[in-house]
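K.L.:
Below is a structure I'd like to ask you about.
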Amino acid sequence: MLLRLTPDQVAYAWDGLKEPIRQTLLPHLSVTDEALNNILAGITQGVSQVWVLTDEVDGKNRVYAVGVTTFSVEGATGDKNLLIYSLYGFRFVPEKLWMEGLEGLKRFAKANGCGKLIAFTVVDRIVTIARSLGANTNVRQIIWEV
């Protein structure tokens, strides 16, 4: 099950969320305390969203992954997309849960006028799962330090 945390829930749980987010920030972003404070501010202001992927196992609710999304508007074309900004798995995530999470994010994106759901990853398993779920995984991000 995909759950969206409220800004108050995120603020309350920030100490436990901060490190997973830090570890999975996009490769072109600064990983500083100031950057994390800015991310938290964006979440509490409703600019970004925090999602938790959970499932019930043996009568207990188990958290599998946490992710952060934000809206991205391309300046030249005006295309609005939902960007998966950060995605952290606490344990192996069954493909069924990935599918549920993906469908939930797609519904949220569509309801908010987004044309696409976009993500970056360096994790081969995520690429394989994304491809099996119909994603175009041909694009590669190229980064130079300047």
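Computed from the coordinates by the stated procedures, all read-outs in this text should not be read as laboratory data. Computed from a prediction, not measured in an experiment: that's the story for all the values here. A quick note on method: Cβ atoms are made from the backbone with ideal geometry, for glycine too, and the neighbour counts reach across all protein chains shown.
K.L.:
Dividing the Cα radius of gyration by the Kirkwood radius, what Rg/Rh value follows for the stretch 2-120?
P.N.:
Numbers: Rg = 14.3 Å, Rh = 14.9 Å.
Ratio of gyration radius to Kirkwood radius for the stretch 2-120: 0.96.
K.L.:
Could you let me know the centre-to-centre spacing of the stretch 1-49 and the stretch 52-91, using Cα atoms, in angstrom?
P.N.:
Distance between centres, Cα-based: 11 Å.
K.L.:
How far apart, in nanometres, would the label points at N136 and E100 be if each is projected 7 angstrom from Cα along the Cα-to-Cβ direction?
P.N.:
3.0 nm
K.L.:
Provide Y88, Y12 in ascending order of the number of other Cβ atoms located within 10 Å of each residue's Cβ, fewest first.
P.N.:
Result, fewest neighbours first: Y12, Y88.
K.L.:
Separate question: What are the extents of the Cα atoms of the stretch 51-146 along their three principal axes, listed from largest to smallest and rounded to whole Å?
P.N.:
50, 32, 26
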